[in-house]
Amino acid sequence: MHTVELQQVRKSYDKFIAVNDLSLNIARGSIFGLLGPNGAGKTSTIRMMIGITVPDSGEVRMFGEPFRRDHLKRVGYLPETSGLYKRMKVSEQLILFGQLRGLSATDAAARGKKWCERMEIGSWMDKKTEELSKGMQQKMQFIATLLHDPEFLIMDEPFSGLDPVNATLLKDVLLELNKEGRTILFSTHRMDQVEKLCSSICLINRGEAVLQGTLKEIKGRYGRNNVQIEYEGADDFLHENGLVQSFNNYGNYVEVRMAPGADSQKLLQMVARGSRINKFELVEPSLEDIFIDTVGKTDA
Amino acid sequence: MHNIFLFARREYLETVRKKSFIVMTILLPALMFGFTVLPSMMASKKSGEMQHLVIATSDQQFGNDVRDKFMETPAEGKTPPIRGSDNASRRFDVQIDTNVSQQEQDALTQKVNVHDIDGYLWAPADNLAQRKLSFRARTSSDFETQGALSSAVREALLRQSMRKHGASADEITAALKPVDIDTKKIENGKVSESGGLAMFFTALLLMIMLYVTILMYSMSVMRSVLEEKNSRIFEVLLSAATPKQLMAGKILGAAAVGLTQIALWTVAASPFAAQSISMYGEQFHLNLSVANMIFFAVFFILGFLLYSALAAALGSAVNSEQEAQQFQFVIMMPLIVSVIFMTPVIQQPHSTLATVLSLIPFCAPLLMYTRILVETPPAWQIALSLVLLVGTIYAMLAICSRIYRIGILMYGKRPTLPEIVKWMKYA
């Protein structure tokens, strides 16, 4: 069963088409990545998914049924920009969010306390929200999303504003929730963050899906024709048109995408001719490579 | 309903906990008091210093008459001192100068110039015959003194001519005794306690209060929507509640704050309700009856709902207060118009102008309330204005919630009017 099914949904604002006949299915219990550059239509898609806006055409189904507002009691949404009442106390605010989701005040307070301790902001519960740092507010927003124990979590750029320690804390919680059977949707343009988490992705650009499927299948489609090279010396080898299709050069480190059918051993010899090699590894393309490659192609 | 209550409670608690709420609750009545009562108190206070005037006339008897009359007027005869203050009437020292030569006039002018005297009335016989006198003083804007002098001169001339016709001093005094007209309005067949001027000031005071509260609370709804829009909280809230619930909660919460404030004022004002206040040399009772305060609350709620719906829509459509300002004026227009027409409506509450204006929903909160205060209009007119008002509120809430629904998720550039109209049509 699918947690969410979008069938040919479309949303336009005046002449601008934000989402163009997008279809996607999010399998129950999966971690799904909705990826795309800024302005690709990710937030517009999510808004339609949870009834904030109504699609011009197409259908939204949730938990196997046509979308109804009371489905939202089973959904937690963490928006990209944190939105909190600044002058409210942390504890009061969490109670309000819990109550909006149908919890009693005492229940919401107890859950809020438990989560704040888990997320290491327990000592801040009596402070006003505006006194919290940006990272703490992000964690608080995250807690507000989880209070009512939703089956489906929508995380729009959840790691933005978090330091590595807190990002790991958040990631661990999410993985744990996923293990308990909850479906998680990540929406982000930071591919590296979700690559290790997602089982399926949908890559959208300009409101259209350009790549969809399980991560394994997609990477398999691209094959192991990427090379990571750490080198010292000249980078003439990058301009061997017969071998190199594209590259991303960081100076002493370069990621090379081989031309179709090209032999990586030949490239190795080329590099060795002008430079000292510290590392030469054949790898699967990263999601970012696939992203840049695919988006580059559709934009061209 | 549950969500609306949650939002209303949140809005209410947050606002009444703010310092600005407490400040406004105290400050607004203080300001009203300051703008109305205080100036007249101050005006009579400054007269603590003695003013020296000279009446230059060849007729000693005439001079005495003017002086006697002037010294008894203007205010001290009519106005009892304001309770608890040592406010005395103006103090004057009036001398009579029977020398009316040109040199003497020059000398008097010089005296005024060097502050020996504060002014002189130049009244030689031929000027009196033409009834054209001149008053020369350091300040020519002291209307009270001018008015008092003028009436004193008129009365002195009258005395003079009555004496010529052989009337005795008692006869003259009897003839010149002032007439007092006691004005009371008839309400439900009974003579009401409140007099004409009292009614005018009560109506003025309450209407200004109503105007200020409606305006203040509508604009605070706008700012609060704008603040929430900028803090991007709507995305979170909309995954749990509908825009209508959000808007209804916000407006009801703010309305509850307004009612709380009015209730506090009523309680605070009740000890003073029956007391007389002296203003501009007149004395009157504030007519703060229970019925007046209930109508105040009713028209506040209705007026507030109407204007706050507009304000909420405006707040949702724009991105900053600067952007809101020009539209704000359009929204406030009917309120300002109501205030402009306030005086004619108070003076002639049954005129066609007053009736029509008080039935227009956007003006009704202020002007129908004013009419109720001063006249008690026919019941059907009150009912009609309430029906029209409630109908308009319903329509405005429907329209404005459509704008609100779209506006709160639109960031970036300021929408044009055609765009806003388009929003209303979205599904």
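Of note:
- Residues of segment A:238-268 that are assigned to a helix (DSSP H, G or I) and either in contact with a Phe, Trp or Tyr (Cβ under 9 Å, 6 or more places away or on another chain) or of a type in the set (G, A, S) (or both): A:L238, A:S264, A:L267, A:L268.
- Of all residues in segment B:129-145, those being farther than 25 Å from B:S161 by Cβ and at pLDDT 80 or above number 2.
- Which numbered condition A:T145 misses (of (1) out of contact with any strand residue (DSSP E or B) (no Cβ under 9 Å at 6 or more places or on another chain); (2) within 11 Å of chain B (Cβ to nearest Cβ); (3) polar (S, T, N, Q)): (1)
- Test: B:P377 is in a loop (DSSP other than H, G, I, E, B), assigned by TED's automatic domain parsing to the domain that holds B:F299 and not β-branched (V, I, T): yes
- Residue within segment B:224-231 that is within 14 Å of chain A (Cβ to nearest Cβ), closer than 30 Å to A:D149 by Cβ and free of Cβ contacts under 8 Å to residues at least 12 places away in the same chain present: yes
- Test for B:T242: is it of a type in the set (V, I, T) and more than 14 Å from every other protein chain (Cβ to nearest Cβ): no
- Screening A:R74, A:R61, A:R10, A:R87 for residues that are of a type in the set (K, R), away from chain B (no Cβ under 14 Å) and in contact with a strand residue (DSSP E or B) (Cβ under 8 Å, 6 or more places away or on another chain) leaves exactly one candidate, A:R61.
- Selection count, segment B:321-361, where residues are modelled with pLDDT of 85 or more, surrounded by fewer than 18 Cβ atoms within 10 Å (Cβ to Cβ) and hydroxyl-bearing (S, T, Y): 2
- For first residues located in segment B:1-12 and within 9 Å of chain A (Cβ to nearest Cβ) and at positive phi, partners that are outside any loop (DSSP other than H, G, I, E, B) and of a type outside the set (G, A, S) and lie 6+ apart or on another chain with Cβ distances below 6 Å do not occur.
- Scan segment A:90-103 for residues that are of a type outside the set (G, A, S), more than 8 Å from chain B (Cβ to nearest Cβ) and under 22 Å from A:L177 (Cβ atoms) and the total you get is 5.
- Candidates A:G76, A:G33, A:G83, A:G39, filtered to the one that is among the small types (G, A, S) and on the phi > 0 side of the Ramachandran plot: A:G39
- The selection criterion, being under 15 Å from A:E131 (Cβ atoms) and assigned by TED's automatic domain parsing to the domain that holds A:G51, holds for A:S82.
- Qualifying positions in segment A:36-58 - more than 8 Å from every other protein chain (Cβ to nearest Cβ) and in a helix (DSSP H, G or I): A:K42, A:T43, A:S44, A:T45, A:I46, A:M48, A:M49
- Residues that are surrounded by fewer than 16 Cβ atoms within 10 Å (Cβ to Cβ), more than 22 Å from A:L175 (Cβ to Cβ) and aliphatic (A, V, I, L, M), drawn from segment A:1-55: A:V54
- Criterion (away from chain A (no Cβ under 13 Å), aromatic (F, W, Y) and exposed (fewer than 15 other Cβ atoms within 10 Å of the Cβ)) met by exactly one of B:Y394, B:Y404: B:Y394
- Some residue of segment A:161-182 being surrounded by 15 or more Cβ atoms within 10 Å (Cβ to Cβ), over 19 Å from A:E92 (Cβ atoms) and either hydroxyl-bearing (S, T, Y) or more than 17 Å from the chain's Cα centre (by Cα) (or both): no
- Residues of segment A:192-232 satisfying the condition of being in contact with a Phe, Trp or Tyr (Cβ under 9 Å, 6 or more places away or on another chain) and closer than 30 Å to A:R273 by Cβ: A:V227, A:Q228, A:I229, A:E230, A:Y231
- In segment B:207-245, the residues that are within 24 Å of B:Q322 (Cβ to Cβ), in contact with a Phe, Trp or Tyr (Cβ under 6 Å, 6 or more places away or on another chain) and not aromatic (F, W, Y): B:I214, B:S218
- Search result, residues across segment B:249-264 that are within 14 Å of another protein chain (Cβ to nearest Cβ) and touching a Ser or Thr at 6+ places or on another chain (Cβ under 8 Å): B:K250, B:G253
The values are calculated or read from the model by the stated rules, or taken from the named source; none is laboratory data. In this text, all values refer to a predicted model and were calculated from it rather than measured experimentally. Note: ideal-geometry Cβ built from the backbone for every residue, glycine included; neighbour counts use all protein chains shown.
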